[in-house]
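These notes are about the structure you will find just below.
The values are calculated or read from the model by the stated rules, or taken from the named source; none is laboratory data. For clarity, every value in this text was computed on a predicted model and none was experimentally measured. Cβ atoms come from the backbone with ideal geometry, glycine included; neighbour counts cover every protein chain shown.
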Amino acid sequence: MSVVPTPTTTLSLDEINLASFDFWMRDDVDGALAKLRHERPVAWHEHKDSGKGFWSFTRYDDVAAITRDWETFSSQYGIQAMTDPEDTEKLGIRSMISTDPPKHTKLRALVNRGFTPRAVARAEANVRNRAREIVDAIAPKGECELVSEVSSVLPVAVICDMMGVPKPDRPLVLELTNRLLAGGDPEFGGTKESLADAGRRLREYGLWLGKARFEKPEDDITSTLVQAEVDGEAMPPEDLGPFILLLIAAGNETTRTAISQGIWALTQFPDEKRRWLQDLDGRAATAAEEIVRWATPVLHMRRTVSRDTPFGGVEMKKDDKVVIWYLAANRDETQFTDPYRFDIMREPNHQGGFGTGGAHFCLGAHLARRELICTLTELLRRLPDIEATAPPEKLRSNFIHGIKRLPVAFKPIRV
């Protein structure tokens, strides 16, 4: 089997602007990231809107090293490339993801038990039931819009079940999550003001839900959070709203993106779809890992340099922004054999879609894997000919590798 050639780009190195929303709407993103990784793996990018630039890292090993060194590369000043500390405060997203150890360690310990492999195994029956209900709803129609009718339905239902979000509140939670993670997409607001409003309202909702569960506990993660203690300390009230916001938002958007990108990949690579259908359950685990690598739902994370330090051949100064690009890392030829081939049986596959280790490795990785596997195997088992009928409509974002709409068709079946 011949190696898939590395994509190319018409852009020069100086024309590649990773801060630009328009850049991420291009068809040659992989080619541009490859050009950076090969020729300028550590690059300085100006950002005119904020007046502050950032260091950009595109090699897998650099991304992994930065992720694991929280003492030098801090998360507490924000985790998105274009935000500054004051933006983080306005958006209400200074939660666990925007902290460093030891505070991060304590906060994570409060909720860890809800996302362990054992806890996820207990939740799997609910995930499978949800997947079955979703396919039941679309199966007789012969076509559907995948994102609104499948990909966005299951993750938000599952995480809201786990968090104890009442069903009447879930459409609002989904709407606010869409706005919060919309980046520069005008369909969902796409402005700092819209993001700030969504962040504030989700934070306030999380605080309300936490207070409700404190007064009347139920069998959900929110009740566990408000009652739990680590080293004799409960979660501070100022952390509760952002914490619940983080769990709901992260538990919704990333899995939605992986499901949508997964169906698009299986449409583009029908031979891989046929390989999976030959052993749907036996190949599900490796297929899910490859879909996460291919999709890379979160494009980047930001760190801030805590002290002057040499790294990657450059001298970085205290307070410099550092941005690690997971999509570029997940195509690194030094880490992945034939990285531009979609291979549902790829092994080994140390994909960085859930992070590359360290304190901030994705808390919900086990849950996301089960949701992805349950949804795609249910779809392929019952609708084996499902495929996209048009290219996806991309989310205009430099943070989430999202799909807004993806029409699909299949042979209708009776339920």
_Looking at (1) within 23 Å of Q261 (Cβ to Cβ); (2) assigned to a helix (DSSP H, G or I), which one does A125 not meet, given that it meets all the others?_
(1)
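Of everything in the stretch 1-50, what is in a helix (DSSP H, G or I) and not charged (D, E, K, R)? Give them in sequence order.
From the stretch 1-50, those in a helix (DSSP H, G or I) are 13-15, 23-25, 29-39; that's our starting set.
Those that are in a helix (DSSP H, G or I) and not charged (D, E, K, R): L13, F23, W24, M25, V29, G31, A32, L33, A34, L36, H38.
For the stretch 204-313, give me every one of the helices (runs of 4 or more DSSP H) that falls completely inside it and has 1 or more residues that are surrounded by 21 or more Cβ atoms within 10 Å (Cβ to Cβ), among the β-branched types (V, I, T) and at pLDDT 95 or above. Spell out the reasoning first.
On the way: elements: 221-227, 237-268, 270-278, 284-295.
Those helices (runs of 4 or more DSSP H) span 237-268, 284-295.
Against the definition (at pLDDT 95 or above and surrounded by 15 or more Cβ atoms within 10 Å (Cβ to Cβ)), how does C144 come out, yes or no?
yes
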*Look at V135 and say whether it is without any contact (Cβ under 8 Å) to a residue 24 or more places away in the chain and either surrounded by 13 or more Cβ atoms within 10 Å (Cβ to Cβ) or among the β-branched types (V, I, T) (or both).*
no
*With (1) closer than 22 Å to V153 by Cα; (2) surrounded by fewer than 18 Cβ atoms within 10 Å (Cβ to Cβ); (3) of a type outside the set (G, A, S) as the list, and R201 as the residue in question, which single condition is left unmet?*
(2)
_Looking at G206, G262, G190, can you tell me which residue is of a type outside the set (F, W, Y), under 26 Å from V147 (Cβ atoms) and free of Cβ contacts under 8 Å to residues at least 60 places away in the same chain?_
G206
*Considering L372, L363, L406, which residue is in contact with a helix residue (DSSP H, G or I) (Cβ under 6 Å, 6 or more places away or on another chain), within 25 Å of T105 (Cβ to Cβ), of a type in the set (A, V, I, L, M, F, W, C) and buried (at least 19 other Cβ atoms within 10 Å of the Cβ)?*
L363
*Is it the case that A65 is surrounded by fewer than 20 Cβ atoms within 10 Å (Cβ to Cβ), modelled with pLDDT of 90 or more, in a helix (DSSP H, G or I) and under 22 Å from the mean Cα position of the chain (by Cα)?*
yes
_Test: residue in the stretch 176-184 that is surrounded by fewer than 18 Cβ atoms within 10 Å (Cβ to Cβ) and not small (G, A, S)_ = no
*Single residue of E145, E229, E218 found to be among the charged types (D, E, K, R) and within 22 Å of K394 (Cα to Cα)*: E145
_Leading residue by the ranking (surrounded by the fewest Cβ atoms within 10 Å (Cβ to Cβ)) among those in the stretch 19-51 that are at pLDDT 95 or above and among the aliphatic types (A, V, I, L, M)_ = M25
_Subset of the stretch 353-396 [among the small types (G, A, S), in a loop (DSSP other than H, G, I, E, B) and under 19 Å from R293 (Cβ atoms)]_ = G357, G358, G364
*Would you confirm whether any residue within the stretch 111-122 is surrounded by 14 or more Cβ atoms within 10 Å (Cβ to Cβ), within 29 Å of Q80 (Cα to Cα), under 20 Å from the mean Cα position of the chain (by Cα) and modelled with pLDDT of 90 or more?*
no
